[in-house]
1. Of these, B:183, B:153, which one is more than 16 Å from residue B:84 (Cα to Cα) and among the hydroxyl-bearing types (Ser, Thr, Tyr)?
2. Being more than 9 Å from every other protein chain (Cβ to nearest Cβ), in contact (Cβ under 8 Å) with a residue 24 or more places away in the chain and touching a Leu at 6+ places or on another chain (Cβ under 8 Å): is that true of residue B:82 here?
3. Filter region A:170-196 down to the residues that are within 18 Å of the chain's Cα centre (by Cα) and surrounded by 21 or more Cβ atoms within 10 Å (Cβ to Cβ) and list them by number.
4. Having 2 or more residues that are within 16 Å of residue B:82 (Cα to Cα) and either in contact (Cβ under 8 Å) with a residue 60 or more places away in the chain or touching a Phe, Trp or Tyr at 6+ places or on another chain (Cβ under 7 Å) (or both) is the bar; report the helices (runs of 4 or more DSSP H) wholly within region B:193-256 that clear it.
5. Got a sec? Which of A:33, A:103, A:52, A:59 is in contact with a Ser or Thr (Cβ under 7 Å, 6 or more places away or on another chain) and crowded, with 24+ Cβ neighbours inside 10 Å?
6. Would you mind telling me which numbered condition in (1) closer than 29 Å to residue B:283 by Cα; (2) assigned to a helix (DSSP H, G or I) residue B:183 fails?
7. Among the listed residues A:123, A:90, identify the single one that is assigned to a loop (DSSP other than H, G, I, E, B), more than 8 Å from every other protein chain (Cβ to nearest Cβ) and in contact with a Leu (Cβ under 8 Å, 6 or more places away or on another chain).
8. Regarding residue A:148, is this residue over 23 Å from the mean Cα position of the chain (by Cα), within 20 Å of residue A:17 (Cα to Cα) and in contact (Cβ under 8 Å) with a residue 60 or more places away in the chain?
Amino acid sequence: MMDLSSINPILLVASIMVSATPILLAAIGEMVVEKSGVLNLGVEGMMITGAVVGFAVAVNSTSPALGFVAAALASALLALSFGLLTQFLLSNQVATGLGLTLVGLGLSSLIGKPYEGMKSPTLPKLDIPLLSDLPVVGRMLFSHDLMVYFSLALVVAVWAFLKHTRAGLILRAVGESHDSAHALGYKVVMIRLMAILFGGACAGLGGAYLSLVRVPQWTEGMTAGAGWIALAIVVFASWRPGRVAIGAYLFGGVTVLQLNLQAAGAAVPVALLSASPYLVTILVLVIISARGAHAAPASLGRPFHASS
Amino acid sequence: MIRLEKRPQPSQLWTYLTPVLAVLLTMLVGGVLFAFLGANPVEAIRTIFWDPLFNAQFAGFTRPQLLVKAGPLILIAIGLSIGFRAGIWNIGAEGQYIMGAICGAAAGLAFYPSESFLIFPIMIVAGALGGWAWAMIPAILKTKFGTNEILVSLMLVYVAETILGSVSTGLLRNPEGRGFPGSRNFKQWDAAHNSDLIANTGMHWGVVFAFIAVIGAYVLLTRHMLGFNIRLTGEAPRAARFSGVNPARIILICLGLSGALAGMAGLFEVTGPAGQVSIDFGSGYGFTAIIVAFLGRLNPIGILLAGLLMALTYIGGELAQLMLGLPGASIQLFQGMLLFFLLAMDVFTNFRLRIGKREVA
């Protein structure tokens, strides 16, 4: 018999925040990449590499902070290979992104083999004076680890960067019309390469959050499509930072809710519940595309070569 | 100063040369990787590429495996390549492969224990339909709403995997299996068993269909109007529309075809080498087939060769795991690297390398 009263709303909101954070980190990074006109479909591969590297470094150094740094660096390095291929060797972005995912999946299970079943040190929950002690809200919103707040701060920072700084304007110009940006003297390839590195680092942090906080363990293929959902969220968000956050929390919500319903023994087939995050992703994509509000950067996915 | 100059036409020579160079480069870098993992690189490369075919001790056992692994890879990759040619990115072949296996197996099991010769053909049709239907979801969503087919087809892989888990512990579970997950074993049911057509060659019906698909795709792409329209849609979408090609029709055909072929591959696998519907049936063929399609230059003959080569790395990888203790994941990485190097080398197909100062036009 289903017992919904076993679901504690305070814990529910708190766990939604935890479950949304990895997707949010990956999605906000990918959004910047796409804003610069590059489509990197390798988010899943970069995320899982970040997950395994972060886990391995955290276990060996007993410092989760070091794990996060290493994860960001490793995934940025992986992203660099994508950048070199697509920006200098002008390879097809869709195919290269898929290749990146396949490489990342192989690399991660190779690195991760000895770490299976181990426990890692995890991030401490912050105890914010006053705020954490508030009734209800304190435990719901203000008793998380640093990365939860970092991810939200990153959304604000990206928003401010794109909207209010000159560099952000240039990045958007490169994404909208690389030929015009090039004619104005901007280094299209370098700007895109930097965006790709940023996207890689963010995906790495997201992956490390999965293996160090959310789960916290290393298992092969543990991202289970989180990177692809992050890609879908960027489309859902119409390339706007605020909506990326909303999207990530929505999917975090669906994930947590279905797990809670499974635990509560809801009268819905388990398979349907497990598949629900993916089905909701499809549904949302359909709604967004049916509305026709695409707002995709005009040069998204198009290769740039200065001679042409 | 090195710079790239766009070729007016992609180079024919480099089109054929890049896959070979990519393989050599992957062997080289893979060798370094294996050395890092503590294996002798020369021995590792020999174990992967040479021993499965020519080692006196194993070849008798591993050679038939070549066709067993290459069959599904080629069948799926042929379907994918036709879509890729039209700029339609079905990357959810793994899901269509799983759904084909489930639908085909279910259609067969409905008639258990009949020994009619019609059972297997019915299962093939049901498998193809299952894969087709699963691919129609992204196809219809794309044509009706313009939804991105990459993301939808990929999300459906995860959905298919949960369905697989559900049916192998529920709907299709062997009623005589003492509660163990997994369906009846098709190897013990002659009417539905996809056995070797010639004993110990690995040549089962899936391999036959793979060869038929290669020929069919070749004819379609080089001799048929539809094939021309598919290529036109990929290379010049605007020109295609002006000449009256209906893009929605191309999307439905390309996704439907690749789904049906992937579904058939799944059915041949479940009734043959795998033997039953089980939770771990999905083996990643649908993803590796993407590499096969690119490595074969989206060309049917090329895919045939690439499929055989990729099958070799699977078998050689298993052998290297057994003989040299190399981790299984290193082969997955090896295959991924192959695609990466191929894409990198492709720059020479489309560009000319110029050394020296740029001339003022």
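1. The conditions single out B:183.
2. Yes: the conditions hold for residue B:82.
3. A:195, A:196
4. Ranges flagged: B:205-223, B:225-235.
5. A:52
6. So the condition that residue B:183 fails would be (2).
7. Only one candidate qualifies: A:123.
8. So residue A:148 fails the test.
The values are calculated or read from the model by the stated rules, or taken from the named source; none is laboratory data. Here the structure is a predicted model, which is why all the values come from computation and not from measurement. Reconstructed Cβ throughout: ideal geometry from the backbone, glycine too, with neighbour counts over all protein chains shown.
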